[in-house]
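A.B. asks: Structure incoming, see below.
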Amino acid sequence: MSSRSQSQVVYAAGLVQGIVLVTFPAASTIFTAANSYGLSSSQYGAMFLPQAITAVGSSLLQGSLSRRLGAKPVYLAGLCANLAAMILLIASRFVIGSQPVAYPLLLAATACLGVGFGLTVPSINTFTAAFHPDTVDRSVLVLNSLLGLGTALAPVFVAIFVGLGFWVGLPVLAAVAVTALFLASLRLPLDAGRPARPRADAPRARIPAAFWLFAAFGVMYGFCETMNGNWSQLDLTSLKVSVTVASLGLTVFWAMVTVGRLLFAVIQRWFPSRLAYHLLPFVLAGAFAAISMLPPRAPVAGVAAFALAGFGCSALLPLTISFGQERLVSMSAAMAGLVIAFYQVGYGIAAFGVGPLLRAGLTLADLYGVSAVVAVALGLLSLAVAHGRPSPRSVHPRPQPPGTPAPATELIS
């Protein structure tokens, strides 16, 4: 099989992974509707806790599994986990009137989704770098743009299927796409090579103290992104805008995340990435402040505020990984997985923690106000993370090439 065929399948995997990843948040109004699943805010938030836990574990294990089994089996396992998540979500639709049965199915589905994310995303980034050794930066940028496009499309598909009276059409569509990807991938070699194993006699280096700055940034960024990605639709519908407009708000948020990443990659020569890294958290803080003050029945203002939030989030996570890879050279091969793991910790805090706070009497507006403070702290932390550092060579982190020795600082081997 040609490298072009393999690249096309991997790019398609990025698009489909983006759709699958946002399927659950995109259907938030379905899960909380009284005439549907009827979940409380706490139950809705807790639904994502298994996803955060399994995503952390699988992203930490992905590197060692690829060394032992090869990249293709790990990637295929990730696709199977994504497919299982969609099948469980579809199955829950048939027991929607029995929450004691439907809710465990949803928990199992999000757990599978976390495994799928943690195994698939690092794998396809590795494949992309291996298949385009002369244009790594451009190919990784294309892949992550397609991943972002998928996250933006999921709410659009939900709105369309809800309008047709068949919201479960989205997981059905995603399941068909993942199945097609699996079958197409099965017949391809998808050989990215195996990273070298660490030498048995190699001393185990300590994790540099500076790493924990990156870890803290990942947690705080994960919290901020998830406040938008998981709670935007419920916030907008609580302000008496239509479900369609609420879906549009989520779509625009993810679209602006992607647009921002593309923009900063293009203008990097004229607008240093380090400067963007310092400014974007304060843009995000302004967006959170605007969201916390949104008046009822203001659809345009609501969509615009979440668009600004998407732009504020855009380049922060990939730049954190890129800065980490270039600053902490001794553990550069593990940086992407470790930062993503801590990002998922922040995801879990925001996804799970908001529900109990709402039940305690706080409002989403209150919590978006608190998020503005977190975003300001993120901006201050960015000064420490990138202090005195030149802009990284690429906005999007470069996957480590095959044959790169596993760092002694890897947490799970």
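A.B. asks: Work out the charge dipole of the chain with +1 on the Cβ of Lys and Arg and -1 on the Cβ of Asp and Glu about the Cα centre, then indicate which of 268, 99, 157 is farthest towards its positive end.
C.D. replies: It is 268, whose Cα lies furthest towards the positive end.
A.B. asks: If you don't mind, another one. Once you charge only the Cβ atoms, +1 for Lys and Arg and -1 for Asp and Glu, what is the size of the charge dipole of the stretch 208-413 about its Cα centre, to the nearest 20 debye? Before the final figure, lay out each step's value.
C.D. replies: Values: 10 positive and 5 negative charges, 71 e Å.
Here the size comes out at about 340 debye.
A.B. asks: Could you compute the net charge surrounding residue 275? Neighbours are other residues with a C-beta less than 13 Å from the C-beta of residue 275; K and R count +1, D and E count -1.
C.D. replies: +3
A.B. asks: Please sort through the DSSP H helices of the chain and keep those with an alpha-carbon extent of at least 20 Å along the long axis and a Kyte-Doolittle average not below 0.5.
C.D. replies: Membrane-span-like by this rule: 3-26, 71-93, 99-131, 136-163, 169-186, 211-229, 243-266, 273-292, 299-313, 332-359, 364-385.
A.B. asks: Calculate for the chain the 222 nm mean residue ellipticity that helices alone would give, adding -39,500 (n - 2.57) per DSSP H run of length 4 or more and normalising by residue count, nearest 500 deg cm²/dmol.
C.D. replies: For the chain, the value works out to -25000 deg cm²/dmol.
A.B. asks: A further question on this structure: Towards the positive end of the charge dipole of the chain, with charges on Cβ (+1 Lys, Arg; -1 Asp, Glu), say which of 344, 236, 90 has the farthest Cα.
C.D. replies: Highest projection toward the positive end goes to 344.
A.B. asks: Further, regarding this structure: Excluding residue 288 itself, what net charge comes from residues whose Cβ is under 15 Å from its Cβ, given Lys and Arg +1 and Asp and Glu -1?
C.D. replies: -3
A.B. asks: Select from 358, 304, 376 the residue farthest towards the positive end of the dipole of the chain; place +1 on Cβ of Lys and Arg, -1 on Cβ of Asp and Glu, and compute about the Cα centre.
C.D. replies: 376
A.B. asks: Around residue 386, with a cut-off of 13 angstrom between Cβ atoms, what is the net charge of the other residues, counting Lys and Arg +1 and Asp and Glu -1?
C.D. replies: Spelling it out: positives minus negatives among the neighbours equals +2.
A.B. asks: Here is a follow-up. Cα extents of the stretch 1-191 along the three principal axes, largest first, in whole Å?
C.D. replies: Principal axes ranked by extent give 54, 33, 26 Å for the Cα atoms.
A.B. asks: So what is the relative contact order of the chain, in percent, for Cα pairs below 8 Å that sit 6 or more residues apart?
C.D. replies: Over the chain, the number comes to 26 percent.
A.B. asks: Then there is this: Running a GNM on the chain with Cα contacts under 10 Å, which residue among 168, 95, 374 ends up with the highest mean-square fluctuation?
C.D. replies: Fluctuation is largest for 95.
A.B. asks: For the stretch 1-138, what does the relative contact order come out to in percent, with C-alpha contacts under 8 Å and a separation of six or more?
C.D. replies: Computed over the stretch 1-138, the figure is 34 percent.
A.B. asks: Of the candidates 238, 66, 247, which one comes out as most mobile in a Gaussian network treatment of the chain with C-alpha springs shorter than 10 Å?
C.D. replies: 238
A.B. asks: Could you give the size of the charge dipole of the chain about its Cα centre, using +1 on the Cβ of each K and R and -1 on the Cβ of each D and E, expressed in debye and rounded to the nearest 20?
C.D. replies: 660
A.B. asks: While we're looking at this one, here's another question. Taking Cα pairs under 8 Å and at least six residues apart, what relative contact order does the stretch 208-413 come out at, in percent?
C.D. replies: 37
A.B. asks: To make sure I understand, if each residue's beta carbon is the centre and we count other beta carbons within 10 Å, what order do 387, 132 fall in, fewest to most?
C.D. replies: Listing 387, 132 from fewest to most nearby Cβ atoms yields 387, 132.
A.B. asks: Select from 337, 348, 169 the residue whose mean-square fluctuation is largest in a Gaussian network model of the chain (Cα-Cα springs shorter than 10 Å).
C.D. replies: Largest GNM mean-square fluctuation: 169.
A.B. asks: Let me know the longest stretch in the chain that avoids all chymotrypsin sites (Phe, Trp or Tyr not before Pro) found in a DSSP loop with at most 15 other C-beta atoms within 10 Å.
C.D. replies: Looking at the chain, 271-413 is the longest stretch - no exposed chymotrypsin sites (Phe, Trp or Tyr not before Pro) with at most 15 other Cβ atoms within 10 Å.
FYI, it's all coordinate maths here, none of it is from the lab. As the structure is a computational prediction, the values presented were derived from the model and not from experiment. Note that each Cβ is placed from the backbone with ideal geometry, even for glycine, and that neighbours are counted across all protein chains shown.
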